[in-house]
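Written out below as C-alpha cells is the structure these notes cover.
The values are calculated or read from the model by the stated rules, or taken from the named source; none is laboratory data. All values derive from a computational prediction rather than experimental measurement. Note that we place each Cβ from the backbone using ideal geometry, even for glycine, and neighbour counts take in every protein chain shown. The area values use the complete protein model at the heavy-atom level, side chains included, leaving out ligands, DNA and RNA. Shrake-Rupley method; radii C 1.70, N 1.55, O 1.52, S 1.80 Å.
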Amino acid sequence: MPDIATALIEWYRENARDLPWRRDGFGAWGTLVSEFMLQQTPVTRVIPHLEAWLERWPTPADLAADAPAEAVQQWANLGYPRRALWLHRAAVEIRDRHDGVVPRDVDDLLALTGIGDYTARAVAVFAYGDRHPVVDTNTRRVIARAVEGRSQPGPPAKADLARMDALLPRDIAASALVNAAAMELGATVCTARTPRCETCPIASACAWRTAGYPDTGDERRRQAPYEGSDRQARGAVLKTLRDAATHEVAQAEVIPTWPDARQRDRAIDSLVVDGLIEAVGGMLRLPR
DNA sequence: AACTCGTGGCC
DNA sequence: TGGCCAAGAGT
C-alpha cells in the first residue's frame, strides 16, 4: 500500500483542475495576487477578477504607481475589501524593499502587509518551488480526517504547520505536489459537508474511514450572522462609493435610508480608520 | 485566543 | 428557506 504522499501525487497528476495559477510560467506576482483573492473567496469567483487585475497591473510596480482607490475599485464585489488595500500596500513594499521583485524568503513574505502563514508559504512553494508546509482550510480537513480520524478539524493552530511538514517527502518537487494535492483533495473530494469517500485516493490509509466515520464533533467557530451586521453596513457604504462615477459622495447621501443610522455612522467611521475611505470636507471618497 | 472583516452560491 | 461554506489575516 503506497503512503499518503505518494497516493496524493499520483491522484493529483490525473485529477488536478486546470486553474490559471497552475499554468506554466504564471509568475510570482500572479501567484501572490491569486492568493490574496483566494483568502476566503471561492475559486470560481476569483478567476475572472484575477485575469482583469493582472491585465491592468502586470507587475507590483504597476499597481504601486496607482492610488489605493484604484485597487479598492478594481476589487469590486470580491468581499473583504481590506485585502485590496493590503495588496496595494504589499505592492508598494515590494517596490520599495525588494526592487519590485516578489520575495522568495518566507520571512520576507511574512513581513509584507496582508500576508500570513498560509499566503507566505503558498507563494514560496507554488511560485518558487521551495519546500515548506502549506496549510489552508482544505489541508487541515484532510489531515484531521486521514491522519487524526476526526470528522472535522479543530480551529487553526500553529501545530498545523508541523503536522503538514511531517507528511511532506524530502524531495523538493514532490513536496510541492503534496501541498497542492492535499488542498485539491480537500476542495474536490474530502469536502466539508458531503465528502466523496468512494472516490478518495487515500481511503485505504484514512484513519477516519478505519474508525467507521465517527462524528467527533465540530470545534470550529460559527460565522456571525451577516444580515443586519456592521459588515453589511460597511459593504453598502463602500459599494456606494465604488458605484459613484468619481468614487466620491457627500456623506449625507451615503445610504441615507439605512435602518440604523448609528450603525451607518459607525460603519463610515470604521472604514475611515481602516483607510478604505477618506472623509474630506463633508465628502466621502476612496483613498487617494 | 477570540473576534472582526464581504459576498454569493449551494443543498 | 436559511445556515453553511469558501486557498485567511490582523488585532
Determine whether region A:27-36 contains at least one residue that is in the same structural domain as A:ILE172 (by TED's automatic domain parsing), surrounded by fewer than 16 Cβ atoms within 10 Å (Cβ to Cβ) and either farther than 30 Å from A:VAL147 by Cα or within 18 Å of the chain's Cα centre (by Cα) (or both). yes
Starting from region A:236-256, keep only residues that are without any contact (Cβ under 8 Å) to a residue 60 or more places away in the chain and closer than 14 Å to A:GLY281 by Cβ, then list their pairs with residues that are part of a loop (DSSP other than H, G, I, E, B) and within 16 Å of DNA strand B (Cβ to nearest atom) whose Cβ atoms are within a distance under 9 Å, requiring at least 6 positions of separation or different chains. A:GLU248/A:LEU286
Before we move on, is A:VAL135 within 13 Å of DNA strand C (Cβ to nearest atom) and either of a type in the set (Ser, Thr, Tyr) or assigned to a helix (DSSP H, G or I) (or both)? no
Quick one: is A:GLU219 more than 20 Å from A:GLY149 (Cβ to Cβ) and either of a type in the set (A, V, I, L, M, F, W, C) or within 13 Å of DNA strand C (Cβ to nearest atom) (or both)? no
Quick one: what pairs do we get from region A:93-106, first residue touching a residue at least 40 places away in the same chain (Cβ under 8 Å), second open to solvent by 40 Å² or more (accessible area, probe 1.4 Å) and in a helix (DSSP H, G or I), C-beta under 9 Å, 6+ apart or different chains? A:GLY100/A:ALA61
Output for region A:54-82, where each listed residue is open to solvent by 50 Å² or more (accessible area, probe 1.4 Å) and more than 15 Å from DNA strand B (Cβ to nearest atom): A:GLU55, A:ARG56, A:PRO58, A:THR59, A:ASP62, A:ALA65, A:ASP66, A:GLU70
